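**Student:** Before we start, here is the structure in question, set down as structure tokens.
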Amino acid sequence: MANPLFELKARFQLDGNHPASFEAEDEDGRLLPGFYVVLLVAPAAGSPRIHQVTFLLDETYEQPLRKATRPRNDFGAEITSYGDFAVVAKVEAEDDVHAAVGWLSDLLAKGHATDLTPAIRRAIDSIAAN
């Protein structure tokens with residue numbers, strides 16, 4: 001669900017030109033590459049002032065709710081992931097509460113639209129496959 005007042009996206013934390021990664025064990029005991037990711041909400045020009053953003057992650061996370069109250073560049077929350085899931089962002093702004101939903105792999109593709117290297121594409125594909 002897109003919202004014209006802000007953009008929900010994600011970016012890998014990079015180690016040089018490659019996504020920073022680690023080995024993660026899934027529910028079946030398989031070792032998979034895990035990645036360090038930042039979820040972001042970027043306000044559009046002229047949008048109402050955002051007070052905070054709450055990200056709802058997959059229920060398998062120990063802490064599936066993450067709050068971002070400081071806009072740094074965009075409102076962001078750092079997570080780790082080896083697989084795809086629906087990310088929900090609840091944006092509390094001056095005028096109302098807005099929401100957006102997107103699959104992590106799609107949000108990463110959007111966040112890396114201008115720097116989509118082969119290594120980043122492989123990492124997105126790895127997340128999408130799990």
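**Student:** Specify the residue that is surrounded by the fewest Cβ atoms within 10 Å (Cβ to Cβ); the eligible residues are those in the range 61-80 that are of a type in the set (S, T, N, Q) and modelled with pLDDT under 95. Break it down stepwise before answering.
**Tutor:** So the first thing to find is which residues in the range 61-80 are of a type in the set (S, T, N, Q), and the list is 63, 69, 73, 80.
Then drop every residue that is not modelled with pLDDT under 95, which leaves 69, 73.
On the way: Thr69: 11, Asn73: 7.
Among those that are of a type in the set (S, T, N, Q) and modelled with pLDDT under 95, it is Asn73.
**Student:** Let me ask another. Pairs under 7 Å by beta carbon, first residue within 8 Å of Leu8 (Cα to Cα) and modelled with pLDDT of 95 or more in the range 28-42, partner among the hydroxyl-bearing types (Ser, Thr, Tyr) and assigned to a strand (DSSP E or B), six or more apart or different chains?
**Tutor:** Once the first residue is within 8 Å of Leu8 (Cα to Cα) and modelled with pLDDT of 95 or more and sits in the range 28-42, no partner that is among the hydroxyl-bearing types (Ser, Thr, Tyr) and assigned to a strand (DSSP E or B) comes close enough.
**Student:** Might you let me know whether the range 90-100 holds any residue that is more than 28 Å from Gly46 (Cβ to Cβ) and touching a His at 6+ places or on another chain (Cβ under 7 Å)?
**Tutor:** Checked against the condition, which is being more than 28 Å from Gly46 (Cβ to Cβ) and touching a His at 6+ places or on another chain (Cβ under 7 Å), the range 90-100 yields no hits at all.
**Student:** Here's a follow-up. Could you list, ordered by first residue, the pairs with Cβ atoms under 8 Å in which the first is in the range 81-106 and more than 16 Å from Leu65 (Cα to Cα) and the second is buried (at least 17 other Cβ atoms within 10 Å of the Cβ) and of a type in the set (Gly, Ala, Ser), at least 6 apart or interchain?
**Tutor:** From residues that are more than 16 Å from Leu65 (Cα to Cα), the pairs are Tyr82/Gly34; Tyr82/Ser126; Asp84/Ser105; Ala93/Ser47.
**Student:** Let me ask you something else. Just need a number here: residues in the range 23-47 that are in contact with an Asp or Glu (Cβ under 6 Å, 6 or more places away or on another chain) and over 23 Å from His98 (Cα atoms).
**Tutor:** The number of residues fulfilling the criteria is 2.
**Student:** Mind checking which pairs have a first residue in the range 116-130 that is within 14 Å of Trp103 (Cβ to Cβ) and a second that is small (Gly, Ala, Ser) and outside any loop (DSSP other than H, G, I, E, B), Cβ under 7 Å, 6 or more apart or different chains?
**Tutor:** Close Cβ pairs (under 7 Å, with a partner that is small (Gly, Ala, Ser) and outside any loop (DSSP other than H, G, I, E, B)) amount to Ile124/Ser105; Ile124/Ala109; Ile127/Ser81; Ile127/Ser105; Ala128/Ser105.
**Student:** Let me ask you something else. Of the residues Ala45, Ala113, Ala109, Ala89, which is modelled with pLDDT of 95 or more and either surrounded by fewer than 14 Cβ atoms within 10 Å (Cβ to Cβ) or of a type in the set (Asp, Glu) (or both)?
**Tutor:** Ala113
**Student:** Of a type in the set (A, V, I, L, M, F, W, C), surrounded by 13 or more Cβ atoms within 10 Å (Cβ to Cβ) and farther than 13 Å from Val37 by Cα: is that true of Ala119 in this structure?
**Tutor:** yes
The values are calculated or read from the model by the stated rules, or taken from the named source; none is laboratory data. Source: prediction; values computed, not measured. Don't worry about glycine lacking a Cβ; one is built from the backbone with ideal geometry, like all the others, and counts go over all protein chains shown.
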